């Protein structure tokens, strides 16, 4: 029997929100707040990272418009004052690292309830269309104001054995 | 002193370098590697004095790198700089021979506290 507890989507999105707010000083922002909860994300640019336990798999991350991703990338790299856009590779790297930091904070918050959870590597989200929710997936989204930015935090949950096969 | 910074993120390697300078370690020489496999080759070739390494990387993870180094008899001073800071990982790091464990995000003060005993 797994040592993991079942953690709800709401628990995960709240942990993700708190972990993101904890990053405000690192990004040079005074703070932030959750402005509302959404059923699914409406933005397309961003990244997510898998978090896998013995009983389920989650993806957590964030999406935003392209200008906000640039702002966040510059903030992470200490380049906010330049207002110069990062190149595609540098932006992807910065966004990937940002979601990595976020995931570390989330893991710290849920490790007592999910002792088997492990982090994967960041995955950039495609910006060419809506994020599709497929069978056996659930999603929760929270809009977060962080300094001057407005991002959408997302949590996907996948059941590892939804059909109960043996 | 030669310091090797190992992280698959170019952004994080830059942040580590910058923070090391802010912490007063700017007089040392910095080298970089983007994963554990590349770092292992670099360490065997150039024998840095200190390795600052991420944990979760493609090709070879940080903990795998450390274990390979110790198994090869290479006792370079090694520390982790990682976004995950669970007690289990910290213990595994110590058991494998790590000298320190820094959790991201970090500050110059964090580096000073972690590195003061090794530099």
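Read-outs throughout are calculated quantities, based only on the coordinates presented, and are distinct from any laboratory measurement. Being a predicted model, the structure only gives us computed values, none of them experimental. Glycine also receives a Cβ, built like all others from the backbone with ideal geometry; neighbour counts cover every protein chain displayed.
Can you sort B:84, A:71, A:138, B:45 so the residue with the fewest Cβ neighbours within 10 Å comes first?
B:45, A:138, A:71, B:84
Write down the Kirkwood hydrodynamic radius of segment A:14-61, to one decimal in angstroms, obtained as one divided by the mean of 1/r over all alpha carbon pairs.
For segment A:14-61, inverting the mean 1/r across all distinct Cα pairs yields 12.9 Å.
Looking at chain A, what % of the alpha carbon pairs are farther apart than 19 Å?
Value for chain A: 53 percent of Cα pairs lie more than 19 Å apart.
Using helices alone, what [θ] at 222 nm do you get for chain B, with -39,500 (n - 2.57) per DSSP H run of 4 or more residues, divided over all residues and rounded to the nearest 500? Don't skip to the answer; put the middle values down first.
Values: 5 runs with 50 residues, N = 119.
Here the helix-only value at 222 nm equals -12500 deg cm²/dmol.
So for segment A:19-116, what are the equivalent ellipsoid semi-axes in whole Å, largest first, each being the square root of 5 times an eigenvalue of the Cα gyration tensor?
Here the semi-axes work out to 25, 15, 14 Å.
Could you tell me whether segment B:80-119 comes out rounded, prolate or oblate from its Cα gyration tensor? Rule is a ≥ b ≥ c as square roots of the eigenvalues, rounded for a/c under 1.5, then prolate if a/b exceeds b/c, otherwise oblate. All intermediate terms of the calculation are to be shown ahead of the outcome.
Working: a/c = 3.08, a/b = 1.29, b/c = 2.38.
Here segment B:80-119 falls in the oblate category.
Which of rounded, prolate, oblate describes chain B, given a ≥ b ≥ c as roots of the alpha-carbon gyration tensor eigenvalues and a/c under 1.5 marking rounded, otherwise prolate only if a/b is larger than b/c?
It comes out rounded by the Cα gyration axes.
Taking the highest mean first, how do the peptides B:18-24, A:56-62 order by number of other beta carbon atoms within 10 angstrom per residue?
A:56-62, B:18-24
Can you give me the distance in nm between label points at residue A:57 and residue A:89, each placed 7 Å from the Cα along the Cα-to-Cβ direction?
In this crude spin-label approximation the distance works out to 3.0 nm.
Using only DSSP helix segments of four residues or longer, with each worth -39500 (n - 2.57), what per-residue ellipticity at 222 nm results for chain A after dividing by its residue count and rounding to 500?
That comes out to -10000 deg cm²/dmol.
Does segment B:1-48 come out rounded, prolate or oblate by the C-alpha gyration tensor, with a ≥ b ≥ c the root eigenvalues, rounded set by a/c under 1.5 and, if not, prolate when a/b is larger than b/c and oblate if not?
Since a/c reaches 1.5 but b/c is at least a/b, the shape of segment B:1-48 is classed as oblate.
Roughly how far apart, in whole Å, are the Cα centres of segment B:42-97 and segment A:29-60?
30 Å
Suppose each label sits 7 Å from its Cα in the direction of the beta carbon; what would the residue A:150-residue B:29 distance come out to in nanometres?
So the two model labels end up 5.2 nm from each other.
May I ask for the angle, rounded to the nearest 10°, between helix A:66-76 and the longest principal axis of chain A, with both axes built from Cα atoms and the value confined to 0 to 90°?
90 degrees
Using alpha-carbon pairs under 8 Å, 6+ residues apart, how would you state the relative contact order of chain B in percent? Intermediate results must be reported in sequence, preceding the final value.
Values: 193 pairs, mean separation 29.3, N = 119.
The value is 25 percent.
What is the projected area of the convex hull of the Cα atoms of the protein assembly as shown, averaged over all directions, in nm²?
Quarter of the Cα hull surface area: 16.0 nm².
Using only alpha carbon pairs under 8 Å that are at least six residues apart, calculate the relative contact order of segment A:1-97 and give it in whole percent. Show your work: numbers first, answer last.
Details: 77 pairs, mean separation 21.7, N = 97.
22 percent.
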